[in-house]
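Below you'll find the structure, written out as C-alpha coordinates, and then a few comments.
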Amino acid sequence: MDFLKFKNKKLYINNIDLKKIVKKRQTPFYLYSLDQIRKNISLVRSSFKNFNPLICYAIKANSNLDVLKELKNNNLGADVVSIGELKLALKAGISHEKIVFSGVGKTYEEIKYAIQKRILSINAESINEIEIIDKISKNLNKKTNIGIRINPDIQAKTNKKIATGNRANKFGISISEFYKIIKNKKKFNNINIYLLSVHIGSQIKDFNVYKKVLTLISKILTKLKKLNHIIDHVDLGGGMGIPYFKNEKKFNFNKFGELVDKFYKKEKIKIIFEIGRFITGNSGVLISKVIYVKKIKDRYFIILDAGMNDMARSAIYEAFHEIIPLVKNSKKFSKKVEFVGPICESSDTFGIYNDFSLLTENDYACITNCGAYGRTLSSNYNMRPFIEEIVFDKNLYKTVRLRQKIEDLI
Ligand SMILES: Cc1ncc(COP(=O)(O)O)c(C=O)c1O
(Lines give C-alpha, C1' and ligand atoms only; values in the text may rest on other atoms or scores of the structure.)
Protein backbone atom coordinates (compact mmCIF):
# COMPACT_ATOMS: atom_id res chain seq x y z
CA MET A 1 0.00 0.00 0.00
CA ASP A 2 2.42 2.61 -1.25
CA PHE A 3 -0.15 5.39 -1.02
CA LEU A 4 -0.34 5.36 2.80
CA LYS A 5 2.40 7.05 4.84
CA PHE A 6 2.84 8.31 8.37
CA LYS A 7 4.02 11.92 8.65
CA ASN A 8 4.55 13.27 12.17
CA LYS A 9 2.66 10.26 13.52
CA LYS A 10 -0.40 11.03 11.39
CA LEU A 11 -1.59 8.78 8.59
CA TYR A 12 -1.60 10.47 5.17
CA ILE A 13 -2.84 9.52 1.74
CA ASN A 14 -0.59 11.39 -0.65
CA ASN A 15 -0.64 14.93 0.83
CA ILE A 16 -3.89 14.58 2.71
CA ASP A 17 -4.21 13.88 6.41
CA LEU A 18 -6.82 11.15 6.78
CA LYS A 19 -8.04 12.68 10.01
CA LYS A 20 -9.42 15.59 7.96
CA ILE A 21 -11.49 13.21 5.87
CA VAL A 22 -12.94 11.30 8.80
CA LYS A 23 -14.00 14.43 10.62
CA LYS A 24 -16.51 15.28 7.93
CA ARG A 25 -18.16 11.89 7.49
CA GLN A 26 -19.78 8.94 9.11
CA THR A 27 -17.56 5.93 9.66
CA PRO A 28 -16.95 3.23 8.63
CA PHE A 29 -16.16 3.86 4.98
CA TYR A 30 -14.04 2.39 2.21
CA LEU A 31 -11.39 4.39 0.44
CA TYR A 32 -9.66 3.34 -2.79
CA SER A 33 -6.53 4.77 -4.42
CA LEU A 34 -6.60 4.98 -8.22
CA ASP A 35 -2.85 5.73 -8.22
CA GLN A 36 -2.20 2.38 -6.56
CA ILE A 37 -4.47 0.60 -9.06
CA ARG A 38 -2.62 2.17 -12.01
CA LYS A 39 0.70 1.14 -10.46
CA ASN A 40 -0.50 -2.46 -10.09
CA ILE A 41 -1.72 -2.55 -13.69
CA SER A 42 1.58 -1.26 -14.99
CA LEU A 43 3.49 -3.92 -13.03
CA VAL A 44 1.27 -6.62 -14.54
CA ARG A 45 1.55 -5.18 -18.05
CA SER A 46 5.32 -4.83 -17.93
CA SER A 47 5.69 -8.48 -16.84
CA PHE A 48 3.44 -9.54 -19.71
CA LYS A 49 4.79 -7.11 -22.35
CA ASN A 50 6.04 -9.85 -24.70
CA PHE A 51 2.68 -11.44 -25.24
CA ASN A 52 0.27 -8.60 -24.48
CA PRO A 53 -2.66 -10.57 -23.06
CA LEU A 54 -6.21 -9.34 -22.62
CA ILE A 55 -6.62 -8.72 -18.90
CA CYS A 56 -10.21 -9.23 -17.86
CA TYR A 57 -10.60 -7.79 -14.40
CA ALA A 58 -12.55 -10.15 -12.09
CA ILE A 59 -15.35 -7.80 -11.08
CA LYS A 60 -16.24 -9.91 -8.06
CA ALA A 61 -13.13 -8.51 -6.36
CA ASN A 62 -14.30 -4.88 -6.45
CA SER A 63 -17.39 -3.71 -8.30
CA ASN A 64 -17.22 0.00 -7.64
CA LEU A 65 -18.29 1.74 -10.85
CA ASP A 66 -15.62 4.46 -10.66
CA VAL A 67 -12.93 1.85 -10.09
CA LEU A 68 -14.23 -0.08 -13.10
CA LYS A 69 -14.20 3.05 -15.26
CA GLU A 70 -10.55 3.55 -14.35
CA LEU A 71 -9.80 -0.06 -15.31
CA LYS A 72 -11.61 0.42 -18.60
CA ASN A 73 -9.54 3.56 -19.28
CA ASN A 74 -6.48 1.38 -18.76
CA ASN A 75 -7.78 -1.01 -21.44
CA LEU A 76 -8.84 -3.81 -19.16
CA GLY A 77 -11.74 -6.09 -19.97
CA ALA A 78 -13.95 -7.86 -17.43
CA ASP A 79 -14.56 -11.31 -16.05
CA VAL A 80 -18.15 -11.45 -14.81
CA VAL A 81 -20.11 -14.10 -12.92
CA SER A 82 -23.68 -12.79 -13.04
CA ILE A 83 -25.99 -10.70 -15.19
CA GLY A 84 -25.55 -7.93 -12.62
CA GLU A 85 -21.78 -7.87 -13.10
CA LEU A 86 -22.23 -8.06 -16.87
CA LYS A 87 -24.55 -5.03 -16.88
CA LEU A 88 -22.13 -3.18 -14.61
CA ALA A 89 -19.15 -3.91 -16.88
CA LEU A 90 -21.09 -2.56 -19.89
CA LYS A 91 -22.18 0.49 -17.88
CA ALA A 92 -18.51 1.17 -17.05
CA GLY A 93 -17.93 1.31 -20.81
CA ILE A 94 -16.05 -1.99 -21.10
CA SER A 95 -16.45 -3.33 -24.62
CA HIS A 96 -18.54 -6.50 -25.03
CA GLU A 97 -15.59 -7.93 -26.96
CA LYS A 98 -13.50 -7.84 -23.78
CA ILE A 99 -15.91 -9.62 -21.46
CA VAL A 100 -15.80 -13.27 -20.38
CA PHE A 101 -18.53 -14.86 -18.30
CA SER A 102 -17.52 -17.48 -15.69
CA GLY A 103 -19.55 -19.40 -13.10
CA VAL A 104 -21.08 -22.83 -12.52
CA GLY A 105 -24.69 -21.72 -12.29
CA LYS A 106 -25.51 -19.34 -15.12
CA THR A 107 -29.27 -19.14 -15.57
CA TYR A 108 -31.24 -19.23 -18.82
CA GLU A 109 -31.85 -15.48 -18.52
CA GLU A 110 -28.16 -14.74 -17.93
CA ILE A 111 -27.02 -16.86 -20.87
CA LYS A 112 -29.58 -15.28 -23.20
CA TYR A 113 -28.47 -11.79 -22.21
CA ALA A 114 -24.78 -12.65 -22.70
CA ILE A 115 -25.48 -14.10 -26.15
CA GLN A 116 -27.49 -11.05 -27.18
CA LYS A 117 -24.67 -8.78 -26.02
CA ARG A 118 -22.14 -10.79 -28.10
CA ILE A 119 -19.54 -10.98 -25.33
CA LEU A 120 -16.12 -12.46 -26.02
CA SER A 121 -16.86 -15.78 -24.37
CA ILE A 122 -19.31 -17.56 -22.15
CA ASN A 123 -17.04 -19.98 -20.29
CA ALA A 124 -19.19 -23.07 -19.78
CA GLU A 125 -18.61 -25.25 -16.73
CA SER A 126 -20.80 -28.31 -17.45
CA ILE A 127 -22.28 -30.27 -20.34
CA ASN A 128 -25.73 -29.14 -19.14
CA GLU A 129 -24.70 -25.52 -19.59
CA ILE A 130 -23.31 -26.19 -23.07
CA GLU A 131 -26.63 -27.76 -24.10
CA ILE A 132 -28.54 -24.72 -22.83
CA ILE A 133 -26.20 -22.27 -24.61
CA ASP A 134 -26.67 -24.25 -27.81
CA LYS A 135 -30.45 -24.29 -27.41
CA ILE A 136 -30.75 -20.56 -26.65
CA SER A 137 -28.42 -19.74 -29.56
CA LYS A 138 -30.65 -21.78 -31.86
CA ASN A 139 -33.75 -19.94 -30.62
CA LEU A 140 -32.01 -16.63 -31.23
CA ASN A 141 -30.74 -17.81 -34.60
CA LYS A 142 -27.14 -17.13 -33.61
CA LYS A 143 -23.85 -19.00 -33.52
CA THR A 144 -22.21 -18.34 -30.16
CA ASN A 145 -18.50 -18.42 -29.40
CA ILE A 146 -17.94 -20.19 -26.13
CA GLY A 147 -15.14 -21.31 -23.86
CA ILE A 148 -14.92 -24.41 -21.78
CA ARG A 149 -13.50 -24.17 -18.28
CA ILE A 150 -11.61 -27.31 -17.50
CA ASN A 151 -11.03 -28.69 -14.04
CA PRO A 152 -7.30 -29.53 -14.16
CA ASP A 153 -7.29 -31.44 -10.86
CA ILE A 154 -4.38 -29.31 -9.67
CA GLN A 155 -4.31 -28.25 -6.04
CA ALA A 156 -3.22 -24.65 -5.47
CA LYS A 157 -1.56 -23.92 -2.14
CA THR A 158 -4.08 -21.51 -0.68
CA ASN A 159 -7.01 -21.41 1.73
CA LYS A 160 -9.22 -24.39 0.87
CA LYS A 161 -12.27 -22.14 0.59
CA ILE A 162 -10.72 -20.32 -2.37
CA ALA A 163 -9.01 -23.27 -4.11
CA THR A 164 -11.00 -24.19 -7.23
CA GLY A 165 -8.85 -26.46 -9.41
CA ASN A 166 -9.19 -29.77 -7.61
CA ARG A 167 -11.46 -32.47 -9.04
CA ALA A 168 -13.48 -32.44 -5.80
CA ASN A 169 -14.38 -28.79 -6.43
CA LYS A 170 -17.58 -27.91 -8.25
CA PHE A 171 -15.78 -25.94 -10.95
CA GLY A 172 -15.07 -26.82 -14.57
CA ILE A 173 -15.27 -29.92 -16.72
CA SER A 174 -12.89 -32.87 -16.34
CA ILE A 175 -10.33 -33.34 -19.10
CA SER A 176 -11.85 -36.66 -20.22
CA GLU A 177 -15.33 -35.15 -20.45
CA PHE A 178 -13.89 -32.18 -22.32
CA TYR A 179 -12.46 -34.48 -25.03
CA LYS A 180 -15.82 -36.26 -25.28
CA ILE A 181 -17.52 -32.92 -25.88
CA ILE A 182 -15.03 -32.03 -28.61
CA LYS A 183 -15.48 -35.40 -30.28
CA ASN A 184 -19.28 -34.94 -30.21
CA LYS A 185 -19.25 -31.27 -31.13
CA LYS A 186 -21.43 -31.86 -34.20
CA LYS A 187 -24.33 -32.31 -31.79
CA PHE A 188 -24.03 -28.61 -31.03
CA ASN A 189 -24.69 -26.74 -34.25
CA ASN A 190 -25.09 -23.33 -32.71
CA ILE A 191 -21.90 -22.95 -30.74
CA ASN A 192 -18.24 -22.66 -31.57
CA ILE A 193 -15.86 -23.86 -28.85
CA TYR A 194 -12.96 -21.46 -29.35
CA LEU A 195 -11.56 -20.86 -25.88
CA LEU A 196 -10.13 -22.99 -23.11
CA SER A 197 -10.21 -21.60 -19.59
CA VAL A 198 -8.82 -22.60 -16.23
CA HIS A 199 -8.78 -20.95 -12.80
CA ILE A 200 -7.23 -22.91 -9.95
CA GLY A 201 -7.92 -20.56 -7.06
CA SER A 202 -7.18 -17.25 -5.44
CA GLN A 203 -4.41 -15.77 -3.24
CA ILE A 204 -1.75 -18.07 -4.74
CA LYS A 205 1.69 -16.97 -3.60
CA ASP A 206 3.96 -19.36 -5.47
CA PHE A 207 3.80 -19.04 -9.26
CA ASN A 208 5.29 -22.54 -9.72
CA VAL A 209 1.87 -24.19 -9.60
CA TYR A 210 1.04 -22.40 -12.87
CA LYS A 211 3.83 -24.46 -14.52
CA LYS A 212 1.69 -27.54 -14.02
CA VAL A 213 -1.31 -25.74 -15.49
CA LEU A 214 0.62 -24.60 -18.57
CA THR A 215 2.12 -28.05 -19.16
CA LEU A 216 -1.35 -29.56 -19.00
CA ILE A 217 -2.79 -26.99 -21.40
CA SER A 218 0.03 -27.61 -23.88
CA LYS A 219 -0.84 -31.32 -23.80
CA ILE A 220 -4.51 -30.55 -24.36
CA LEU A 221 -3.73 -28.23 -27.30
CA THR A 222 -1.62 -30.96 -28.93
CA LYS A 223 -4.44 -33.46 -28.53
CA LEU A 224 -6.98 -30.98 -29.91
CA LYS A 225 -4.89 -30.58 -33.06
CA LYS A 226 -5.07 -34.35 -33.52
CA LEU A 227 -8.82 -34.11 -33.09
CA ASN A 228 -8.84 -31.38 -35.73
CA HIS A 229 -10.20 -28.81 -33.36
CA ILE A 230 -8.68 -25.35 -33.22
CA ILE A 231 -8.80 -23.21 -30.09
CA ASP A 232 -8.10 -19.46 -30.47
CA HIS A 233 -7.75 -18.33 -26.86
CA VAL A 234 -6.42 -19.69 -23.61
CA ASP A 235 -7.85 -18.02 -20.51
CA LEU A 236 -5.53 -18.66 -17.56
CA GLY A 237 -7.83 -17.20 -14.89
CA GLY A 238 -6.51 -15.18 -11.98
CA GLY A 239 -5.33 -16.02 -8.51
CA MET A 240 -2.06 -14.10 -8.19
CA GLY A 241 -1.65 -13.38 -4.50
CA ILE A 242 -0.72 -10.23 -2.60
CA PRO A 243 1.17 -9.85 0.70
CA TYR A 244 -1.15 -9.19 3.65
CA PHE A 245 1.58 -9.49 6.31
CA LYS A 246 4.54 -7.12 6.65
CA ASN A 247 7.65 -8.52 4.90
CA GLU A 248 5.60 -11.36 3.34
CA LYS A 249 7.05 -12.74 0.10
CA LYS A 250 5.52 -11.23 -3.02
CA PHE A 251 4.14 -13.16 -5.98
CA ASN A 252 6.96 -12.97 -8.52
CA PHE A 253 5.19 -11.39 -11.48
CA ASN A 254 8.33 -11.04 -13.59
CA LYS A 255 9.17 -14.74 -13.30
CA PHE A 256 5.53 -15.62 -13.88
CA GLY A 257 5.56 -13.45 -17.02
CA GLU A 258 8.65 -15.30 -18.31
CA LEU A 259 6.92 -18.62 -17.73
CA VAL A 260 3.79 -17.63 -19.64
CA ASP A 261 5.90 -16.05 -22.38
CA LYS A 262 7.58 -19.43 -23.04
CA PHE A 263 4.16 -21.02 -23.30
CA TYR A 264 3.01 -18.25 -25.63
CA LYS A 265 6.03 -18.64 -27.93
CA LYS A 266 5.41 -22.38 -28.15
CA GLU A 267 1.64 -22.31 -28.64
CA LYS A 268 1.19 -18.99 -30.47
CA ILE A 269 -2.25 -18.47 -29.02
CA LYS A 270 -4.08 -15.43 -27.62
CA ILE A 271 -3.86 -15.26 -23.86
CA ILE A 272 -6.43 -13.93 -21.42
CA PHE A 273 -6.19 -13.45 -17.66
CA GLU A 274 -8.99 -12.90 -15.14
CA ILE A 275 -7.09 -11.01 -12.46
CA GLY A 276 -8.91 -9.52 -9.49
CA ARG A 277 -7.07 -9.28 -6.18
CA PHE A 278 -3.67 -8.32 -7.56
CA ILE A 279 -5.10 -5.26 -9.27
CA THR A 280 -7.24 -3.80 -6.48
CA GLY A 281 -6.39 -5.67 -3.25
CA ASN A 282 -3.79 -3.27 -1.89
CA SER A 283 -5.58 -0.19 -3.21
CA GLY A 284 -8.32 -0.05 -0.58
CA VAL A 285 -8.66 0.56 3.14
CA LEU A 286 -11.55 0.48 5.55
CA ILE A 287 -11.63 3.39 7.99
CA SER A 288 -13.39 2.78 11.27
CA LYS A 289 -13.99 4.49 14.60
CA VAL A 290 -13.41 3.02 18.06
CA ILE A 291 -16.75 2.79 19.86
CA TYR A 292 -15.50 1.29 23.11
CA VAL A 293 -12.27 0.04 24.63
CA LYS A 294 -13.42 -2.82 26.84
CA LYS A 295 -11.04 -4.28 29.38
CA ILE A 296 -11.17 -7.93 30.36
CA LYS A 297 -8.66 -10.04 32.27
CA ASP A 298 -6.02 -10.72 29.64
CA ARG A 299 -6.75 -8.14 26.94
CA TYR A 300 -8.51 -5.06 25.71
CA PHE A 301 -11.27 -5.46 23.18
CA ILE A 302 -11.22 -2.53 20.82
CA ILE A 303 -14.78 -2.45 19.58
CA LEU A 304 -14.88 -0.82 16.16
CA ASP A 305 -17.88 0.52 14.28
CA ALA A 306 -16.90 -1.70 11.30
CA GLY A 307 -17.99 -5.30 11.49
CA MET A 308 -17.81 -8.56 9.59
CA ASN A 309 -20.79 -7.43 7.53
CA ASP A 310 -18.63 -4.58 6.15
CA MET A 311 -15.49 -6.66 5.63
CA ALA A 312 -16.04 -10.39 5.85
CA ARG A 313 -12.61 -11.79 4.91
CA SER A 314 -11.33 -12.05 8.48
CA ALA A 315 -14.46 -13.89 9.61
CA ILE A 316 -14.79 -16.20 6.58
CA TYR A 317 -11.15 -17.04 5.86
CA GLU A 318 -9.48 -15.96 9.11
CA ALA A 319 -7.58 -13.60 6.84
CA PHE A 320 -5.14 -11.13 8.34
CA HIS A 321 -5.58 -7.45 7.47
CA GLU A 322 -3.11 -5.26 9.29
CA ILE A 323 -4.74 -2.53 11.36
CA ILE A 324 -2.99 0.79 11.88
CA PRO A 325 -4.09 3.83 13.88
CA LEU A 326 -4.85 7.11 12.13
CA VAL A 327 -2.70 8.84 14.70
CA LYS A 328 0.19 7.04 16.38
CA ASN A 329 0.37 7.46 20.13
CA SER A 330 3.77 7.25 21.80
CA LYS A 331 2.07 5.31 24.62
CA LYS A 332 1.17 1.68 24.04
CA PHE A 333 -1.45 -0.67 25.45
CA SER A 334 -0.07 -2.58 28.43
CA LYS A 335 -1.86 -5.79 27.37
CA LYS A 336 -2.69 -7.38 24.07
CA VAL A 337 -5.59 -5.91 22.15
CA GLU A 338 -8.19 -7.61 20.00
CA PHE A 339 -9.98 -5.59 17.35
CA VAL A 340 -13.60 -6.67 17.02
CA GLY A 341 -16.76 -5.39 15.39
CA PRO A 342 -20.21 -4.82 16.85
CA ILE A 343 -21.84 -7.88 15.21
CA CYS A 344 -23.41 -10.57 17.36
CA GLU A 345 -20.95 -13.32 16.41
CA SER A 346 -17.60 -14.31 17.90
CA SER A 347 -16.23 -14.59 14.37
CA ASP A 348 -16.58 -10.80 14.13
CA THR A 349 -12.92 -10.23 14.95
CA PHE A 350 -10.12 -8.51 13.03
CA GLY A 351 -7.10 -9.88 14.90
CA ILE A 352 -4.97 -9.66 18.02
CA TYR A 353 -1.96 -7.36 18.49
CA ASN A 354 0.75 -6.89 21.10
CA ASP A 355 2.18 -3.43 21.91
CA PHE A 356 -0.47 -1.59 19.92
CA SER A 357 -0.41 2.19 19.99
CA LEU A 358 -2.83 3.42 22.67
CA LEU A 359 -6.32 4.16 21.38
CA THR A 360 -9.31 5.59 23.18
CA GLU A 361 -12.96 5.91 22.32
CA ASN A 362 -13.61 8.01 19.18
CA ASP A 363 -10.11 7.42 17.84
CA TYR A 364 -9.84 5.92 14.36
CA ALA A 365 -8.28 2.79 12.91
CA CYS A 366 -7.46 1.84 9.34
CA ILE A 367 -7.92 -1.77 8.20
CA THR A 368 -5.53 -2.30 5.30
CA ASN A 369 -5.59 -4.25 2.01
CA CYS A 370 -9.39 -4.26 1.70
CA GLY A 371 -9.60 -3.23 -1.98
CA ALA A 372 -10.50 -6.74 -3.15
CA TYR A 373 -13.27 -8.89 -1.70
CA GLY A 374 -14.00 -6.16 0.84
CA ARG A 375 -17.13 -4.29 -0.11
CA THR A 376 -18.15 -7.02 -2.59
CA LEU A 377 -18.40 -9.62 0.17
CA SER A 378 -20.22 -7.27 2.54
CA SER A 379 -23.83 -7.69 3.59
CA ASN A 380 -26.68 -6.10 5.49
CA TYR A 381 -26.32 -8.56 8.36
CA ASN A 382 -27.70 -7.16 11.63
CA MET A 383 -29.65 -4.63 9.50
CA ARG A 384 -26.52 -2.61 8.89
CA PRO A 385 -26.46 -0.46 5.76
CA PHE A 386 -23.76 -0.69 3.07
CA ILE A 387 -21.16 1.94 3.77
CA GLU A 388 -19.82 4.92 1.83
CA GLU A 389 -17.03 4.48 -0.74
CA ILE A 390 -14.52 7.20 -1.57
CA VAL A 391 -12.08 7.24 -4.46
CA PHE A 392 -8.72 9.01 -4.30
CA ASP A 393 -6.95 10.20 -7.43
CA LYS A 394 -3.66 11.93 -6.60
CA ASN A 395 -4.74 14.55 -4.04
CA LEU A 396 -8.36 14.73 -5.10
CA TYR A 397 -11.04 12.60 -3.56
CA LYS A 398 -14.77 12.17 -3.86
CA THR A 399 -17.60 10.00 -2.63
CA VAL A 400 -18.50 7.58 -5.38
CA ARG A 401 -21.07 5.49 -3.56
CA LEU A 402 -23.22 6.86 -0.77
CA ARG A 403 -23.89 5.11 2.47
CA GLN A 404 -27.14 3.17 2.19
CA LYS A 405 -30.08 4.53 4.18
CA ILE A 406 -31.52 2.30 6.90
CA GLU A 407 -34.99 3.27 5.68
CA ASP A 408 -34.19 1.60 2.33
CA LEU A 409 -33.54 -1.64 4.17
CA ILE A 410 -36.84 -1.66 5.98
C1 LIG B 1 -13.35 -17.78 -12.38
C2 LIG B 1 -12.54 -16.79 -11.62
N3 LIG B 1 -11.69 -16.03 -12.30
C4 LIG B 1 -10.93 -15.10 -11.67
C5 LIG B 1 -11.00 -14.92 -10.31
C6 LIG B 1 -10.15 -13.86 -9.68
O7 LIG B 1 -9.23 -14.35 -8.79
P8 LIG B 1 -8.19 -13.35 -8.11
O9 LIG B 1 -8.96 -12.24 -7.50
O10 LIG B 1 -7.51 -14.18 -7.09
O11 LIG B 1 -7.26 -12.88 -9.16
C12 LIG B 1 -11.87 -15.71 -9.55
C13 LIG B 1 -11.92 -15.57 -8.10
O14 LIG B 1 -11.98 -16.47 -7.34
C15 LIG B 1 -12.67 -16.68 -10.22
O16 LIG B 1 -13.53 -17.45 -9.56
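The values are calculated or read from the model by the stated rules, or taken from the named source; none is laboratory data. Since this is a predicted model, take the numbers as computed values, not measurements. Cβ placement follows ideal geometry from the backbone for every residue including glycine, while neighbour counts extend to all protein chains displayed.
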Residues that are in contact with a strand residue (DSSP E or B) (Cβ under 7 Å, 6 or more places away or on another chain) and assigned by TED's automatic domain parsing to the domain that holds residue 121: does the range 240-250 have at least one? yes
Close pairs from the range 278-294: first within 12 Å of the ligand (Cβ to nearest atom), partner of a type in the set (A, V, I, L, M) and in a strand (DSSP E or B), Cβ under 9 Å, at least 6 apart: 278/240; 279/55; 279/58
Residue check, residue 347 polar (S, T, N, Q), loosely packed, with under 13 Cβ neighbours inside 10 Å and within 29 Å of residue 239 (Cβ to Cβ): no
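So that you can scan it fast, the table gives a plain yes or no per residue for (1) within 24 Å of residue 196 (Cβ to Cβ); (2) crowded, with 20+ Cβ neighbours inside 10 Å; (3) more than 15 Å from the ligand (Cβ to nearest atom):
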residue	(1), (2), (3)
57	yes, yes, no
62	no, yes, no
77	yes, yes, no
82	yes, no, no
87	no, no, yes
91	no, no, yes
100	yes, yes, no
104	yes, no, no
Residue 227 being exposed (fewer than 14 other Cβ atoms within 10 Å of the Cβ), of a type in the set (A, V, I, L, M, F, W, C), in contact (Cβ under 8 Å) with a residue 24 or more places away in the chain and away from the ligand (no atom under 16 Å from the Cβ): yes
Working only within the range 258-277, note down all residues that are away from the ligand (no atom under 13 Å from the Cβ) and buried (at least 21 other Cβ atoms within 10 Å of the Cβ). 260, 263
Among the residues of the range 173-212, the number that are within 16 Å of the ligand (Cβ to nearest atom) and either out of contact with any Ser or Thr (no Cβ under 8 Å at 6 or more places or on another chain) or charged (D, E, K, R) (or both) is 7
Based on this model, can you work out whether residue 197 counts as of a type in the set (S, T, N, Q), assigned by TED's automatic domain parsing to the domain that holds residue 120 and in contact with an Asp or Glu (Cβ under 9 Å, 6 or more places away or on another chain)? yes
Screening 250, 246, 225, 268 for residues that are over 20 Å from the mean Cα position of the chain (by Cα) and within 30 Å of residue 353 (Cβ to Cβ) leaves only 246
Residue 313 versus (1) over 26 Å from residue 12 (Cβ atoms); (2) in contact with a Cys (Cβ under 9 Å, 6 or more places away or on another chain): which is the lone unmet condition? (1)
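One line per residue, one yes/no per condition, for (1) aliphatic (A, V, I, L, M); (2) touching a Cys at 6+ places or on another chain (Cβ under 7 Å); (3) modelled with pLDDT under 95; (4) more than 24 Å from residue 372 (Cα to Cα):
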{"position": "136", "(1), (2), (3), (4)": "yes, no, no, yes"}
{"position": "142", "(1), (2), (3), (4)": "no, no, no, yes"}
{"position": "147", "(1), (2), (3), (4)": "no, no, no, yes"}
{"position": "153", "(1), (2), (3), (4)": "no, no, yes, yes"}
{"position": "168", "(1), (2), (3), (4)": "yes, no, yes, yes"}
